[in-house]
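I have placed the structure first, in the form of structure tokens, so that the comments after it can refer back to it.
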Amino acid sequence: MGIAVHGHCDTRFASVREIFEQAFARDEEIGAAIAFCLDGELVVDLWGGHHDAERTREWQRDTLVNVYSTTKGMTALCAHQLVERGKLDLDAPVARYWPEFAQGGKGEIPVRWLLSHQAGLPAIRKPLPPEAIYDWDVLCAALAEQEPWWEPGTKHGYHALTFGHLVGEVIRRVSGVTVGRWLREHVAGPLGADFHIGLAAQHDARTSDLYGGIAPPRAQQAQMKIPGPLGDFLRDMTDPTTMAGAAFNNPPGRAERHNTRAWRAAEIPAANGHGTATALARIYGALARGGEIDGVRLLAPESIERARSEQVFGPDAVLGGLPMRFGLGFMLRQDLMPISPNASAFGHPGAGGSIGMADPDARVGFGYTMNKMKLGLVGGPGAFAVLREFFARL
């Protein structure tokens, strides 16, 4: 018996539903949801599958799941709201807001380099205990002490976990509140969007675990012989002595903790946002139509243009030389991340396959959430398949 898919889908996009259903038929997903917001209207809002690998609990419209780096887009949005309010200057030194950050020769690094992965701080060299992942002050102090891995501004490299604490500490210093609280009070709350950085225990019953990981063990990689930059990255990522390995594994044990109460409760603004596809589509749907939806304005149009302005495009120093294109906190559309046929599209994917995306040209917001982790960091086949089909019917 096939997996039932539930929800609403305009007849114009019936084939999108079919593509989504096929992912379950091929066992590509355990539980997942997709949502498209077109010019403010939710035209696709579908979910299916199960919370659990044993397939005993059905996925619901309000099922929450950890979306890993899709969280970065939400953190960036909070920073841009402070820029728009005149509280944060992208070209000011980070140390203006966070004086301790000036250690290790970092006194002149501007805020924009944090948002565009150019600061040279993708990892902490000093070995940290596993529990440090939950300790905001410990991680921020370690980043303040850390010398850059490269001359800041000369190259870019994905700040997989440190992005959230770097940008998040600036947000905290400027606003006086944590990223999670700012998001709740200025984004998710006003929009009625079910997205959280720092998840309260009351939501655990409707939160799905994640299954699997994004990188096979090193012994298996050797047998798979993954070619090119992706193979180089996966090899380095699983070696804690490399920069990439430290970026993903210091503090250690993250992959074994992402289904725990401690992980969900912490604020890890690069990696532990929990939300629904509908919430992502609604937030990005607002950004896709000039920053406003249902009378709630997140950003002014000029702020959105600034946020999605290209800062870097080329080989990534952390991701094995994979070509990455970054705006100010958002990934931008490119061949490696074909989130839209339109070059104006921006957003952020998460490890395992989740995506949030805005396309200002088409006035489309999109969200994809799932609990079965896929290989890689820039979205998964399920999300890209429904995106292609949606735009083909637009």
Neighbours by Cβ (under 6 Å, 6+ apart or cross-chain): first from segment 286-298, modelled with pLDDT of 95 or more and surrounded by fewer than 16 Cβ atoms within 10 Å (Cβ to Cβ); second part of a helix (DSSP H, G or I) and among the β-branched types (Val, Ile, Thr):
none
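Mind telling me which of the residues Thr56, Thr71, Thr75 ends up being outside any strand (DSSP E or B) and farther than 30 Å from Arg289 by Cα? Spell out how you get there, then give the answer.
Details: Thr71 fails: farther than 30 Å from Arg289 by Cα; Thr75 fails: farther than 30 Å from Arg289 by Cα.
On inspection, the qualifying residue turns out to be Thr56.
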Would you mind listing the helices (runs of 4 or more DSSP H) fully within segment 255-326 where at least 3 residues are within 17 Å of the chain's Cα centre (by Cα) and within 20 Å of Arg184 (Cα to Cα)?
277-287
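Go through Val44, Val83, Val16 for me and flag whichever is over 27 Å from Glu267 (Cα atoms), in a helix (DSSP H, G or I) and at pLDDT 95 or above.
Details: Val44 fails: in a helix (DSSP H, G or I); Val83 fails: over 27 Å from Glu267 (Cα atoms).
After applying the criteria, what remains is Val16.
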Would you check which residues across segment 24-49 are over 14 Å from Arg12 (Cβ atoms) and free of Cβ contacts under 8 Å to residues at least 40 places away in the same chain and list them?
Phe24, Ala25, Arg26, Asp27
Could you run through segment 343-384 and say how many residues are more than 26 Å from Gln311 (Cβ to Cβ) and modelled with pLDDT of 95 or more?
4
Residue in segment 168-200 that is surrounded by the fewest Cβ atoms within 10 Å (Cβ to Cβ), counting only those that are of a type in the set (Gly, Ala, Ser) and within 23 Å of Arg282 (Cα to Cα)
Ala200
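State all residues of segment 23-41 that are in a loop (DSSP other than H, G, I, E, B) and over 18 Å from Gly352 (Cβ atoms); if no residue qualifies, say none.
Our first condition is that a residue be in a loop (DSSP other than H, G, I, E, B); within segment 23-41, this holds for 26-30, 39-40.
Answer for segment 23-41, where residues must be in a loop (DSSP other than H, G, I, E, B) and over 18 Å from Gly352 (Cβ atoms): Asp39, Gly40.
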Where Pro122 falls short, out of the listed (1) assigned to a helix (DSSP H, G or I); (2) under 18 Å from Pro349 (Cα atoms); (3) in contact with a helix residue (DSSP H, G or I) (Cβ under 6 Å, 6 or more places away or on another chain); (4) not charged (D, E, K, R)
(1)
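Only one of these is free of Cβ contacts under 8 Å to residues at least 60 places away in the same chain and either part of a loop (DSSP other than H, G, I, E, B) or within 19 Å of the chain's Cα centre (by Cα) (or both): Gly157, Gly164, Gly107, Gly168. Name it. Show your work before the answer.
Details: Gly157 fails: free of Cβ contacts under 8 Å to residues at least 60 places away in the same chain; Gly164 fails: free of Cβ contacts under 8 Å to residues at least 60 places away in the same chain; Gly168 fails: free of Cβ contacts under 8 Å to residues at least 60 places away in the same chain.
After ruling out the rest, the residue left standing is Gly107.
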For the structure I just gave you, tell me whether Arg173 is in contact with a Phe, Trp or Tyr (Cβ under 8 Å, 6 or more places away or on another chain), part of a helix (DSSP H, G or I) and among the charged types (D, E, K, R).
yes
Here is a check on your reading of the model: is Ala95 in a helix (DSSP H, G or I) and touching a Gly at 6+ places or on another chain (Cβ under 7 Å)?
yes
Can you tell me which condition Thr242 does not meet? The list is (1) in contact (Cβ under 8 Å) with a residue 12 or more places away in the chain; (2) surrounded by 16 or more Cβ atoms within 10 Å (Cβ to Cβ), and all the others hold.
(1)
Quick one: Ala351 ticks every box in (1) out of contact with any Leu (no Cβ under 7 Å at 6 or more places or on another chain); (2) buried (at least 24 other Cβ atoms within 10 Å of the Cβ); (3) under 16 Å from Ala32 (Cβ atoms) bar one, so which box is it?
(1)
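The values are calculated or read from the model by the stated rules, or taken from the named source; none is laboratory data. Computed from a prediction, not measured in an experiment: that's the story for all the values here. Reconstructed Cβ throughout: ideal geometry from the backbone, glycine too, with neighbour counts over all protein chains shown.
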